[in-house]
Amino acid sequence: MKLSEFRLVHRLRVRWAEVDMQKIVFNAHYLMYFDTAITDYWRALALPYEEAMAQLGGELYVKKASVEYHASARFDDRLAVGLKCERIGNSSMVFTGAIFRGEELLITCELVYVFADPASQTSRPVPHGLRSLVQRFEAGESILEVKLGDWAELGLAAAGIRGLVFVQEQGIALESECDEADRSALHAVAFNALGQGIATGRLVSQGNALGKIGRLAVHRALRGEGIGQAVLKALVGAARQRGDHEVMLHAQRSAEGFYLREGFMVRGEPFMEAGIAQREMFKPL
């Protein structure tokens, strides 16, 4: 068994609290490692778990967890947890996992989940949408779609994401978050395979072949999965295609590193906007 055989890889470092007097990991912690990897699996599927399961009309429950020990992990080891969905039955999903230290196989496991009604706790068939999504992911197919359009087409989805991120999460006033520029802007919304809007952004023409990117927001459960990057690239590509010579934006200081990695440069001094520290950044096209 090799790490390359698995569709998802979660990496971790063994902490002091997870080992015994001999600095060997307590057996129970291996199940915790696999459980954390399962959480990453849903993130890799671009699914905000709670909203996705509510839409699917059920919940996934662990039916069986079996672990086989081959060797022990020790304090400060760097581990990789591999995970893949082995098969999907009528109401069950079977995952195979393995933990590696470098190329050395330490632990293997099998996790069986059952899709069930959360109220009655009775099993029900795995929904076609979830079944199809997992099969596509395991086959290495794209599971994300970024759509470009105007406010009439994408406004409902964009407003929902922006409300979650800017209004509820960051405490920005609703009247500050929405403005007239939405009507003329080009909007981008990333949709997952269930049709849920999970990230958004907009491109506003500033005249003189200058575009301003703004309102970039990603569902908090899915950050770090490359979704914001996909939305940003779609907007930059649209600006380039229409002939803009430059795109600029006001980046929250906490997101400055993200934009630097995407080729943006800093311009001017920091400033406050909507009560949040910002920095102007730009990218020549």
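For the chain, with the dipole built from +1 on Lys and Arg beta-carbon atoms and -1 on Asp and Glu ones, taken about the Cα centre, which of Gly89, Gly195, Leu3 lies farthest toward the positive end? It is Leu3, whose Cα lies furthest towards the positive end. Relative protection proxy for 184-196, 17-29, from highest mean packing down: 184-196, 17-29 (other beta-carbon atoms within 10 angstrom).
Placing +1 on the Cβ of every Lys and Arg and -1 on the Cβ of every Asp and Glu, with nothing else charged, gives the chain a dipole about its Cα centre of roughly 520 debye. Positive-end ranking of Met248, Gly207, Leu285 along the dipole of the chain, with charges on Cβ about the Cα centre, is headed by Leu285.
As a footprinting exposure proxy, order Trp16, Trp151 by other Cβ within 10 Å, with the fewest listed first.
Ordered from fewest to most neighbouring Cβ atoms within 10 Å, Trp16, Trp151 come out as Trp16, Trp151.
Would you please classify the overall shape of the range 142-210 from the alpha carbon gyration tensor, given that a ≥ b ≥ c denote the square roots of the eigenvalues, rounded means a/c under 1.5, and beyond that prolate means a/b larger than b/c while oblate covers the rest? Taking the square roots of the gyration eigenvalues as a ≥ b ≥ c, the range 142-210 is oblate. The length gained on full extension between Glu86 and Val167, counted as 0.36 nm times the residue separation minus their Cα-Cα distance, comes to 25.1 nm. Distance between the modelled labels on Gln229 and Thr36, one decimal in nanometres: 2.2 nm (7 Å Cα→Cβ projection). When the Gaussian network model of the chain links Cα atoms closer than 10 Å, the mean-square fluctuations of Ser142, Ser176, Ser92 top out at Ser176. Identify which of Ala234, Ala54, Ala251 has the largest mean-square fluctuation in a Gaussian network model of the chain, with springs joining Cα atoms closer than 10 Å. Of the options given, Ala54 has the highest mean-square fluctuation. Using r as the Cβ-Cβ distance of Phe26 and Ala277, and R0 as 35 Å, what FRET efficiency do you calculate, to the nearest 0.05? E(calc), rounded to 0.05, equals 0.25.
In the structure shown, the pairs Lys2/Lys84; Lys63/Lys84; Lys2/Lys23; Lys64/Lys84; Lys84/Lys147 are assessed against 22 Å; a Cα-Cα span above that value is assigned to Lys2/Lys23; Lys84/Lys147. About its Cα centre, the range 3-138 has a charge dipole of approximately 160 debye under the convention of +1 per Lys or Arg Cβ and -1 per Asp or Glu Cβ, with nothing else charged. With charges only on Cβ, +1 for K and R and -1 for D and E, what is the dipole size of the range 145-284 about its Cα centre, in debye, rounded to 20? Computed charge dipole of the range 145-284: roughly 380 debye. Working ranking of peptides 60-73, 40-53 by packing, defined as the average number of other Cβ atoms within 10 Å per residue, highest first, is 40-53, 60-73.
Relative contact order, whole percent, for the range 192-285 stands at 24, derived from Cα pairs under 8 Å and 6 or more residues apart. Averaging the Cα positions of each part gives two centres, and for the range 1-75 and the range 219-285 these lie 33 Å apart. Of the GluC sites (Glu not before Pro) in the range 159-209, the ones in a loop by DSSP (not H, G, I, E or B) with at most 11 other beta carbons within 10 Å are Glu180. When the helices of the chain are scored as -39500 (n - 2.57) per DSSP H run of n ≥ 4 and the total is divided over every residue, the value at 222 nm lands at -8000 deg cm²/dmol.
Bear in mind that the values in this text are calculations on the coordinates, not laboratory data. Keep in mind that what you see is a predicted model, and the values were worked out from it rather than measured. Counting neighbours? That spans all protein chains shown, and the Cβs are built from the backbone with ideal geometry, glycine included.
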